[in-house]
Amino acid sequence: MIIKNNYGSSHDLFLVSSKRFELSPYINKYYDKNTIFGIYSNRFYPLSTEADPTASYWNLKKNVMLYDVPEKPLEISGPDSIKLLENVFTRTISDLKINRARYVIACSHDGGIIMDGILIRLTPKKFWYIHANGDFESWLLAFSDGLRVNIKDPKSWALQIQGPNALKVLKECVSELDIDNFKFFNCKTLNFDGQKFLVSRTGWTGELGFEIYSNGPNDDHLSLWDYIMKKGKAYKIKTGGLDSMGIRRIEAGILDYGTDINRFNNPFEVGLGSYVDFSKDYFIGKESLTKINKKSKLFGILSENFIPFSGLEIFYENKIVGKTTVGAFSPYLKKGIGYVLFNYHNDWTRKKLSIRDKENDFYDCKIVNLPFYDQTKKISKGK
């Protein structure tokens with residue numbers, strides 16, 4: 001079995017100028033000549049920073065990791081902010097409590113997924129939407145005509161602190177915080193060594209963790225980084241890139257917009273149907289979504305002797321029936337894992353399938369429901 005050294009090595013590499021793209025305020029804390037960057041929401045972010053991503057993966061599973069991530073918050077405020085968000089998102093927004101977060105998706109009129117992300121309610125009429133890769137600001141502006149809303153980019157950057165020791169690190173950083181009552185998807189503005197930052201009990205790894213959002217370019221980002229690393233030293237905190245984070249998010253069944261889903265997928269065919277609330281009077285795409293098949297076509301794939309990656313074809317009875325969207329080697333499961341999006345609905349978990357690699361060799365594979373383990377999210381909920 002061949003294991004790629006890191007996430008970056010499984011993709012073609014090019015020299016790209018940073019002109020027209022944003023650089024992270026944390027970049028000087030991890031950048032060296034071996035760092036591999038990707039571009040996400042017009043921001044550079046670290047795909048690969050570690051020589052041994054497997055070691056970082058295990059540190060994420062056993063201790064705690066600090067990640068510089070490119071997800072981009074947008075601020076939506078004003079008297080008609082709820083009306084706009086109810087129209088745009090498929091889930092109910094009005095009942096979201098202050099200092100709570102909710103995973104929400106936006107669809108086009110034909111039911112395709114335009115964006116996904118985490119919506120945080122800061123005040124009765126002020127929200128932050130931490131969204132995936134893409135220009136969602138223009139989409140919001142297009143549907144805000146005639147509404148009393150303000151939409152802006154606060155220039156915030158996010159850090160994710162993830163792993164079983166994450167909340168211990170947070171308690172060290174903010175001693176007055178009642179950790180036991182800081183539940184999954186709770187949010188709170190906290191004081192980190194004299195600087196105040198919004199913190200949410202969320203993440204992109206399936207592990208216990210939290211995210212910190214800066215307020216803008218005037219924050220002392222490097223001091224925040226140093227403070228977290230200092231307080232986390234006793235808990236074996238380390239830094240990493242998408243190498244280790246990406247493996248864990250696949251295990252957890254977390255989807256990546258632009259990799260696993262896009263505007264040509266509806267929520268139901270990729271397993272996100274539970275985030276569509278048909279009891280709402282209206283949301284963009286509702287009429288189309290009421291008419292479609294409600295079964296998923298996205299599944300997990302397991303292989304004992306092959307590591308899948310994106311774009312590989314899946315065969316059933318000598319016919320192509322789907323393609324992989326992503327893949328990696330799982331050190332925990334000791335298998336090659338990934339996702340496959342099938343061309344049509346079927347009971348794929350009961351079928352005998354094979355995967356074809358780029359050299360035209362075939363390997364047996366097993367189709368499973370996502371996630372690969374921890375189906376009730378006990379790990380990320382801290383239970």
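The values are calculated or read from the model by the stated rules, or taken from the named source; none is laboratory data. Nothing here was measured: the structure is a model prediction, and the numbers come from that model. Ideal geometry is used to build each Cβ from the backbone, glycine not excepted, and the neighbour counts take in all protein chains shown.
Look at the stretch 362-383: where a residue is more than 23 Å from ILE179 (Cα to Cα) and hydroxyl-bearing (Ser, Thr, Tyr) and a partner is modelled with pLDDT of 95 or more and not in a loop (DSSP other than H, G, I, E, B), sitting 6+ places away or on another chain with Cβ atoms under 6 Å, you get TYR363/SER303; TYR363/ILE355. Among residues of the stretch 127-161 being modelled with pLDDT of 95 or more and of a type in the set (Asp, Glu), the one that is surrounded by the most Cβ atoms within 10 Å (Cβ to Cβ) is GLU137. Per the listing LYS383, LYS334, the residue uniquely at pLDDT below 95 and more than 27 Å from ILE113 (Cβ to Cβ) is LYS383. Taken over the stretch 101-136, residues that are assigned to a strand (DSSP E or B) and over 21 Å from LEU289 (Cβ atoms) amount to 10. Does any residue of the stretch 286-297 turn out to be part of a loop (DSSP other than H, G, I, E, B), touching a Ser or Thr at 6+ places or on another chain (Cβ under 8 Å) and not hydroxyl-bearing (Ser, Thr, Tyr)? No, the stretch 286-297 has no match at all. Out of contact with any strand residue (DSSP E or B) (no Cβ under 6 Å at 6 or more places or on another chain) and either of a type in the set (Ser, Thr, Tyr) or surrounded by fewer than 18 Cβ atoms within 10 Å (Cβ to Cβ) (or both): does that describe ILE93? In short, no. Taken over the stretch 267-287, the criterion of being within 12 Å of ASN87 (Cα to Cα) and of a type outside the set (D, E, K, R) is satisfied by TYR282, PHE283, ILE284, GLY285.
Considering the stretch 223-244, the residues that are outside any strand (DSSP E or B), of a type outside the set (Ser, Thr, Tyr) and touching a helix residue (DSSP H, G or I) at 6+ places or on another chain (Cβ under 7 Å) include one that is nearest to TYR332 (Cα to Cα), namely ASP243. For the stretch 245-268, filtering for residues that are part of a helix (DSSP H, G or I) and out of contact with any Lys or Arg (no Cβ under 7 Å at 6 or more places or on another chain) leaves 7. Taking PHE309, is it touching a strand residue (DSSP E or B) at 6+ places or on another chain (Cβ under 6 Å) and modelled with pLDDT of 95 or more? No; evaluated as a whole, the condition is false for this residue. None of SER17, SER24 is among the hydroxyl-bearing types (Ser, Thr, Tyr) and surrounded by 15 or more Cβ atoms within 10 Å (Cβ to Cβ) except SER24. The residue list PHE278, PHE315 contains one member that is surrounded by fewer than 20 Cβ atoms within 10 Å (Cβ to Cβ), in the same structural domain as TYR339 (by TED's automatic domain parsing) and either touching a helix residue (DSSP H, G or I) at 6+ places or on another chain (Cβ under 8 Å) or without any contact (Cβ under 8 Å) to a residue 60 or more places away in the chain (or both), which is PHE315.
Out of ILE82, ILE98, one residue alone is assigned by TED's automatic domain parsing to the domain that holds GLY163, without any contact (Cβ under 8 Å) to a residue 60 or more places away in the chain, in a helix (DSSP H, G or I) and surrounded by fewer than 20 Cβ atoms within 10 Å (Cβ to Cβ). It is ILE82. If the condition is being assigned to a loop (DSSP other than H, G, I, E, B), touching a strand residue (DSSP E or B) at 6+ places or on another chain (Cβ under 6 Å) and closer than 21 Å to ARG249 by Cβ, then the stretch 331-383 contributes LEU370, PHE372. From ILE284, ILE307, which residue is touching a His at 6+ places or on another chain (Cβ under 9 Å), buried (at least 17 other Cβ atoms within 10 Å of the Cβ) and of a type in the set (A, V, I, L, M)? So the residue among ILE284, ILE307 that is touching a His at 6+ places or on another chain (Cβ under 9 Å), buried (at least 17 other Cβ atoms within 10 Å of the Cβ) and of a type in the set (A, V, I, L, M) is ILE284. Counting the residues of the stretch 65-96 that are touching a helix residue (DSSP H, G or I) at 6+ places or on another chain (Cβ under 9 Å) and among the polar types (S, T, N, Q) gives 3.
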